[in-house]
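Input: a single structure, listed below in structure tokens.
A short reminder: the numbers here are calculations on the coordinates, not readings from a lab. What you see is a predicted model; the values in this text were computed from it and never measured. We place every Cβ from the backbone using ideal geometry, glycine too, and count neighbours over all the protein chains shown.
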Amino acid sequence: MPFSKGMQKSGGRGKNQPNKISKNIRFASAMLLEGQIEVLAELLPKLKPAEYLKALQMLYKVAVPQQRQIEVDTIEHPTEFKIEIIETLKGYSDADVDTAIDAYVENKRK
């Protein structure tokens, strides 16, 4: 009888239950991390070929961290500078100097 909407689930794995292969592979990975490589060497050959490949894949994920792409924003700093020596600012107020600096910076942005 095919499954139809509204029927209760019967048999099989329960919700959020890992399959047996993943459980065995996680166990083997944990042993590797604990330094029990001899036991792991005995367990791996006993696995079926598909399970063996899956185990190796999962072990690589544990042993070799996954690399992620990192974007770096580079800021271009000016490489040429022009230095003007101002002998005296006695004749200017602070507001005049601030206005002149702001105007200079605004012109450089354009």
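Every helix of 4 or more DSSP H residues in the chain counts as -39500 (n - 2.57), and over all residues that averages to -15000 deg cm²/dmol at 222 nm.
Relative to the first principal axis of the alpha-carbon coordinates of the chain, what is the inclination of helix 49-63, with its axis defined by its Cα atoms, in degrees from 0 to 90 and to the nearest 10? Helix 49-63 and the main axis of the chain meet at about 30 degrees.
Computed from Cα positions, the angle between helix 20-33 and the longest principal axis of the chain comes to roughly 60 degrees. Here the Kirkwood formula puts the hydrodynamic radius of the range 20-63 at 10.1 Å, using every distinct Cα pair.
Between 0 and 90 degrees, the angle of helix 94-109 with respect to the longest Cα principal axis of the chain falls at about 50 degrees.
Taking label positions 7 Å along the Cα-Cβ direction at both LYS108 and GLU34, the computed distance is 6.3 nm, reported to one decimal. Using a Gaussian network model of the chain in which every pair of alpha carbons under 10 angstrom is joined by a spring, one finds that among LEU56, LEU40, LEU89 the greatest mean-square fluctuation is at LEU89.
Highest mobility in the GNM of the chain, judged by mean-square fluctuation with C-alpha springs under 10 Å and restricted to ALA55, ALA41, ALA100, is found for ALA100. Restricting attention to the chain, the count of lysine pairs at 8 or more positions apart or across chains with alpha carbons under 24 Å apart stands at 19. The chain gives an Rg/Rh value of 1.55, both radii derived from C-alpha positions and Rh following Kirkwood.
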